[in-house]
1. By average Cβ neighbour count within 10 Å, what is the ranking of 36-42, 52-58 from highest down?
2. Only one of the listed values, [x] -0.58, -0.84; [y] -0.81, -0.92; [z] -0.73, -0.91, was derived from the coordinates as log10 I(q)/I(0) by the Debye sum over Cα atoms at q = 0.15, 0.19 Å⁻¹; which label is it?
3. Select from 24, 14, 43 the residue farthest towards the positive end of the dipole of the chain; place +1 on Cβ of Lys and Arg, -1 on Cβ of Asp and Glu, and compute about the Cα centre.
4. Could you give the size of the charge dipole of the chain about its Cα centre, using +1 on the Cβ of each K and R and -1 on the Cβ of each D and E, expressed in debye and rounded to the nearest 20?
5. Counting only helical runs of four or more DSSP H residues, what would the 222 nm mean residue ellipticity of the chain come to if each run contributes -39,500 (n - 2.57) and the total is spread over all its residues?
6. Run down the lysines and flag those whose C-alpha is under 25 Å from the C-alpha of residue 86, throwing out any fewer than 8 positions away in its chain.
Amino acid sequence: MNSVRLELLELLGVTYLTDALLGACARLRKQEAYRIYETDCLYGIASALGLKIHRRYAELIQHSEPEEDRTGKEIAIERLEHFGIKVVE
């Protein structure tokens, strides 16, 4: 089965593969832009109704988690203390 796929890919060529990948990336960007548009519309409606929303969907997907600046040892000590394990150095 895999040999058939490889032969087909060789027949189609690199141009077909790159066009397919670029098309898939363009579709993903278009879908993401539409999701952001939809959620911004809902954000506007919610704001008009008096609801307080602190973050937009676009902010959530772009800045999902802050970068960690602690060392591995500091993180390990904090996690162990969270579970009640005392670290002795």
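1. The peptides rank, most packed first, as 36-42, 52-58.
2. [y]
3. 43
4. 360 debye
5. Dividing the helical sum by the residues of the chain leaves -23500 deg cm²/dmol.
6. Cα-Cα hits under 25 Å: 73.
Coordinate-derived values only; no laboratory data. All figures in this text were calculated on a predicted structure; none of them were measured in a lab. Backbone-built Cβ (ideal geometry, glycine too); neighbour counts: all protein chains shown.
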